[in-house]
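Encoded as structure tokens, the structure appears first; notes follow it.
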Amino acid sequence: MSAAPGPGSGAQSAAGHGPDIGANGASLFPAAFRILPAELADSYRILGDYAGALRAIADHPALERARKEARLKAVARAIEGADGFEAEDAAARAALTLRHLLQSRDLDIRDPWQMLQAVGQDIRKTAYPDWSDLLAWCRFWAAPLGRMAFSLAGGSEAGLGRAESFAIAVELLHLVEQAPAQHKWLGRVYLPARWFKEAESDASELAGARATAGLNRVFARAIDEAGRLLAASGGLHRHLPTRRLRVAMAIAQGEAHAWARSLAGADPLRGAKRPDRTARLMASVVGALRGLAS
């Protein structure tokens, strides 16, 4: 379940990314999102609004760093529930709404804090030396989204690790898909520098019209890592409380696998590649059968 770019200019949206949980969860995992209970779908939209608002700040190509930091400080005040605080900024309002949601469900408020730390890093850091560095960032950005989405659905504590793996896998697929836009608009490259070196490639190749053989090896490595994480998340649906939710989660996992296969056969420099209708249908059928059998 992953969130997409927040509102803003075309350039801003092109550079955005994140786990698809809110309104864009309906586009990335349409079959799964369609069968969610209305209350849970609304909760996911609140998560998506928060994630999208943070990304709209961090990924804005024209917003000065000082202004970004000021807006993130307002978000921090909203999350901590400062006395007498009035949220005038859209991101701060989204943070307040999420805080109220989590408090009403007695869920950990530290997850939004970690996401805030991740985007704070995004406005200062534009490159990641190795996989361990990128994974650490994912554990602050994507993993909290996965935990919150899973917990709001009533998932058991035993499944939290799988939920994190699933969210990080989806984030990696987003990073491959959005790598050219991130490089173009923000000069930011999440894919590890070591991967480019070992593939005899260079991050500057992200500005090309089509991927070189070396760049394709970098993309393939990221997709392989996503595949391993998706495999580690297998059985996540069994940790949800109702058959309806288990079916939805199994379908979402199937759609994520279909997306990884589709992306592996595409060139991200020539546009995003999402699964076609047939691939989505097959993923939905297989996921539904797996969920029903659990």
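The values are calculated or read from the model by the stated rules, or taken from the named source; none is laboratory data. Predicted model only: the values in this text are computed from it and were never measured. Because the Cβ atoms are built from the backbone with ideal geometry, glycine has one as well, and the counts that use them run over all protein chains shown.
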Q: Within segment 5-12, identify whether any single residue is over 30 Å from residue 289 (Cα atoms) and either buried (at least 24 other Cβ atoms within 10 Å of the Cβ) or at pLDDT 85 or above (or both), and answer yes or no.
A: yes
Q: Give the residues of segment 124-182 that are part of a loop (DSSP other than H, G, I, E, B) and surrounded by fewer than 20 Cβ atoms within 10 Å (Cβ to Cβ), sorted by residue number.
A: 124, 125, 126, 129, 130, 154, 156
**Q.** Filtered residues of segment 126-166 (kept if of a type outside the set (S, T, N, Q), without any contact (Cβ under 8 Å) to a residue 12 or more places away in the chain and within 15 Å of residue 190 (Cα to Cα))
**A.** 136
Q: Within segment 235-285, work out how many residues are in a loop (DSSP other than H, G, I, E, B), hydrophobic (A, V, I, L, M, F, W, C) and out of contact with any Ser or Thr (no Cβ under 9 Å at 6 or more places or on another chain).
A: 2
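Each row is one residue, and each column tells you yes or no for (1) touching a residue at least 12 places away in the same chain (Cβ under 8 Å); (2) surrounded by fewer than 24 Cβ atoms within 10 Å (Cβ to Cβ); (3) under 17 Å from residue 171 (Cα atoms); (4) not aliphatic (A, V, I, L, M).
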residue	(1), (2), (3), (4)
235	yes, yes, no, yes
251	yes, no, no, no
258	yes, yes, yes, no
266	no, yes, no, no
271	no, yes, no, yes
277	no, yes, no, yes
Q | When residues of segment 183-222 are limited to those that are of a type in the set (Gly, Ala, Ser) and outside any helix (DSSP H, G or I), the one surrounded by the fewest Cβ atoms within 10 Å (Cβ to Cβ) | A | 209
Q. All but one of (1) within 23 Å of the chain's Cα centre (by Cα); (2) in a helix (DSSP H, G or I); (3) surrounded by 17 or more Cβ atoms within 10 Å (Cβ to Cβ) hold for residue 231; which doesn't?
A. (3)
Q.
residue 102 - would you say it is closer than 30 Å to residue 243 by Cα and touching a residue at least 40 places away in the same chain (Cβ under 8 Å)?
A. yes
